[in-house]
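Report on one structure; see the data block that follows.
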Amino acid sequence: MRLSVFLAGLLGPAMPVAACDLALILAVDVSGSVDAQEYRIQMDGLAEALRDSVISEALVRAEAELMLVQWTGATRQRVTLPWAHMTDFDAVERFADAVADDARVWRNFSTAVGEALSFSMSQFDAVAHCTRHLIDLSGDGASNEGISPEGLHPALRAAGVTVNAIAIEESEPDLTGYFFEKVIVGEGAFVETAVDFDDYPEKIRRKLLREITKQTAAVQHVLPGDSGGVRMQPIGLRLR
């Protein structure tokens, strides 16, 4: 008997190694309350966040799978960038470029957060091999059409899907509270707040940093110091 066969018999079958630690759906609000300039701020900000050196390295280390979904009313959700495997920095750059170039699908429809979550949840069947399944939902308004987002929480929990959100509070000052109570779900789920669309690029970068690197404690962010050094500033995200 060959030694390799003998050892295999002793050790049992090899355990498969997961090549993907994270499957992440970026679900972008394109409802009627988002004008053309605000859409462009979202997509350019998201693309630049993906290019951040810390985020891109974390994506490659996780061999992450990324997808972009545009969503608005109850019957309007679409995968505009299908699953892409972040095997190296070139893959991240290609996906970021595609995000920046992604044409808007709809312009004048309602806000159906529940349907956005349901549609996104169904996309994870294709990446069942990934360890973590995460929906990153951005929006500037509460759901006003279709099924209630909180009604999907049992199904999301059962499927092992975490939902985090970024609330753009330009026209709805208490949107963070709504997302906190009705939208996010899963262990360590959180809401990031952008006070307006101009605030979105920095907040989506900070949010992705936290999600991708699996940080669970209070996050701290390095900012330039007045004398050329650095100082640490608490981010203060809301946990659920």
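The values are calculated or read from the model by the stated rules, or taken from the named source; none is laboratory data. All figures in this text were calculated on a predicted structure; none of them were measured in a lab. Backbone-built Cβ (ideal geometry, glycine too); neighbour counts: all protein chains shown.
I'd like the residue in the range 84-112 that is out of contact with any Lys or Arg (no Cβ under 8 Å at 6 or more places or on another chain) and crowded, with 20+ Cβ neighbours inside 10 Å and, out of all such residues, is farthest from VAL34 (Cα to Cα). Looking at residues that are out of contact with any Lys or Arg (no Cβ under 8 Å at 6 or more places or on another chain) and crowded, with 20+ Cβ neighbours inside 10 Å, I get MET86. The set of residues in the range 58-87 being touching a Leu at 6+ places or on another chain (Cβ under 9 Å) and assigned to a loop (DSSP other than H, G, I, E, B) consists of GLU63, ALA64, MET86.
When GLN37 is tested against (1) touching a Phe, Trp or Tyr at 6+ places or on another chain (Cβ under 9 Å); (2) surrounded by fewer than 18 Cβ atoms within 10 Å (Cβ to Cβ); (3) modelled with pLDDT of 95 or more, just one condition goes unmet, and that condition is (3).
Among residues of the range 19-33 being within 20 Å of ARG132 (Cα to Cα) and of a type outside the set (Val, Ile, Thr), the one that is farthest from the chain's Cα centre (by Cα) is ALA19.
When you check THR72 against the structure, is it within 29 Å of ALA155 (Cα to Cα), surrounded by 15 or more Cβ atoms within 10 Å (Cβ to Cβ), among the β-branched types (Val, Ile, Thr) and at pLDDT 95 or above, yes or no? No; evaluated as a whole, the condition is false for this residue. In this structure, SER110 does satisfy being of a type outside the set (Phe, Trp, Tyr) and part of a loop (DSSP other than H, G, I, E, B). Going residue by residue through the range 133-154, is there one that turns out to be out of contact with any Gly (no Cβ under 9 Å at 6 or more places or on another chain), over 18 Å from VAL28 (Cα atoms), surrounded by 14 or more Cβ atoms within 10 Å (Cβ to Cβ) and small (Gly, Ala, Ser)? No, the range 133-154 contains no residue that is out of contact with any Gly (no Cβ under 9 Å at 6 or more places or on another chain), over 18 Å from VAL28 (Cα atoms), surrounded by 14 or more Cβ atoms within 10 Å (Cβ to Cβ) and small (Gly, Ala, Ser). Restricting PHE124, PHE95 to those that are within 17 Å of ILE55 (Cβ to Cβ), part of a helix (DSSP H, G or I) and modelled with pLDDT of 95 or more reduces the list to PHE95.
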